[in-house]
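The values are calculated or read from the model by the stated rules, or taken from the named source; none is laboratory data. Model, not experiment: these values are computed from the prediction. We place every Cβ from the backbone using ideal geometry, glycine too, and count neighbours over all the protein chains shown. Just so you know, the surface numbers come from the protein's heavy atoms only, side chains and all, with ligands and any DNA or RNA stripped out. Shrake-Rupley method; radii C 1.70, N 1.55, O 1.52, S 1.80 Å.
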Amino acid sequence: MIYFKNDYSEGAHPDILQALLETNLVQDEGYGDDQFCKEAADNIKRAMSYPDADIHFLSGGTQSNLLAISAFLRPHQAVISADTGHILVHEAGAIEATGHKVLSVPTTDGKLRPDDIRKVVLYHSDEHMVKPKMVYISQSTEVGSVYYKSDLQDLYAICQKFGLYLFMDGARLGSALCVKDQDLMLSDLPKFTDAFYIGGTKNGALLGEALVIVKDELKEDFRFHMKQKGALLAKGRLLGLQFRELFQNDLFFDLAKHANEMADLLRQGFQNAGYPFLSESPSNQIFPILPNSTIKKLQENYAFIVWGPVDDNHSAIRLVTSWATKEENIEKLLRNIRSPF
């Protein structure tokens, strides 16, 4: 079985495994106060040219989202999300379980726009309703689309106008920053967000995300929130060490570029075979539409997600490439769709 189901089916990049092995018996502090976490934070600050950020290493995306949102918001405040947003659809009500309502906005491409934010804020007009205080976006989105620099600037401007925090879920940030026509850089994120996280789990790490807090008022006591919700790991060094490696010698970006290159090959192959797509996705997720009979046949040898029906005879599937995707497996799949088995 060849996996195109997600970008975390493999373990970790060999450089990370080697670093874990070499430092295994080095004694150091616990709970993220170790040299590896400090070195990782310094590497990230240099990469984004912003020395004043607070950086915390967390185990996963859902944990990062619920910790940040619950820490940043007061009890009566809510977060705005696209209707495809991870916090709305794929986190088992984690945000609501912390006491905060998620306000859903219908979108056609998974991206929020300033007018979406304006409408939600103006609708929630008094104390009989929750008060919108945060805008949540994913980069890349759950349907593979990406925010460009002007998109983020416009969103940040509307958030500032209405006194909202802008929080970016960066589980697939590497892929989003490395698409071919992307003009948004890592160094832009501290300028146009209040907090964001850098995804390691889906870009070569065993696990881990690096939460970057930019806005000063959001930094206070965050480690208390981490401890209270079980996220302050005694062996936090294991997360820090991985990000130290990812942000040495551009490894983080090299791995993301490989995933995108493999997705480009897949995308071009499906286009050449005459298949349409559910969404326009330049990142490492693609959503081709296939006959149900072809999907059933492909599932005998390939693992992927059936995203949903398009009509009675066709469905969209999601194919995801990773830092470890082999070109030979791409070629095999493309041969199969051109001449089905």
Checklist outcome for this item: Of the accessible area of segment 196-341, computed with a 1.4 Å probe and all protein chains kept, carbon and sulfur make up a percent value of 47
Checklist entry - What is segment 263-341's relative contact order, in percent, from Cα pairs under 8 angstrom and six or more apart in sequence? => result 32
Checklist entry - Hey, what's the chain come to in accessible area per residue, 1.4 Å probe, Å²? => result 45
Item to check | GluC sites (Glu not before Pro) restricted to DSSP loop in segment 215-261 with at most 12 other C-beta within 10 Å | outcome: Glu220
Checklist entry - In segment 19-75, which GluC sites (Glu not before Pro) are in a loop and have at most 15 other Cβ atoms within 10 Å, using DSSP for the loop call? => result Glu29
Checklist entry - Given charges of +1 on the Cβ of Lys and Arg and -1 on the Cβ of Asp and Glu, with all other atoms neutral, how large is the dipole of segment 13-71 about its Cα centre, in debye to the nearest 20? => result 240
Checklist entry - Which percent of the accessible area of segment 107-148 is formed by carbon and sulfur heavy atoms (probe 1.4 angstrom)? => result 53
Checklist entry - Where in the chain are the DSSP H helices whose alpha-carbon span along the long axis reaches 15 Å or more and whose Kyte-Doolittle mean is at least 0.0? => result 61-72
Checklist outcome for this item: Counting only DSSP beta bridges fully inside the chain, the antiparallel percentage to nearest 5 is 55
Checklist outcome for this item: Per the C-alpha gyration tensor (a ≥ b ≥ c, the square roots of its eigenvalues), segment 190-246 is rounded if a/c is under 1.5, else prolate if a/b beats b/c, else oblate; here it's oblate
Checklist outcome for this item: Under the 7 Å Cα-to-Cβ spin-label approximation, Arg46 and Asp83 lie apart by a distance in nanometres of 4.6
Item to check | Structure-derived P(r) over Cα pairs in 20 Å bins from 0, in percent: which label, when the choices are (1) 23, 43, 17, 12, 5, 0; (2) 29, 49, 16, 5, 1; (3) 31, 56, 13, 0 | outcome: (3)
Item to check | Furthest towards positive pole of dipole, Ala97, His86, Leu233, structure part segment 82-233, Cβ charges | outcome: Leu233
Item to check | Relative contact order, percent, the chain [alpha-carbon distance under 8 Å, six or more residues apart] | outcome: 24
Next on the checklist: For a test of the definition: using alpha carbon positions, the gyration tensor, and the 1.5 limit on a/c, classify segment 275-336 as rounded, prolate or oblate.
Outcome noted: oblate
Checklist entry - If you place +1 on the Cβ of every Lys and Arg, -1 on the Cβ of every Asp and Glu, and leave all else neutral, what size is the dipole of segment 182-247 about its Cα centre, to the nearest 20 Debye? => result 420
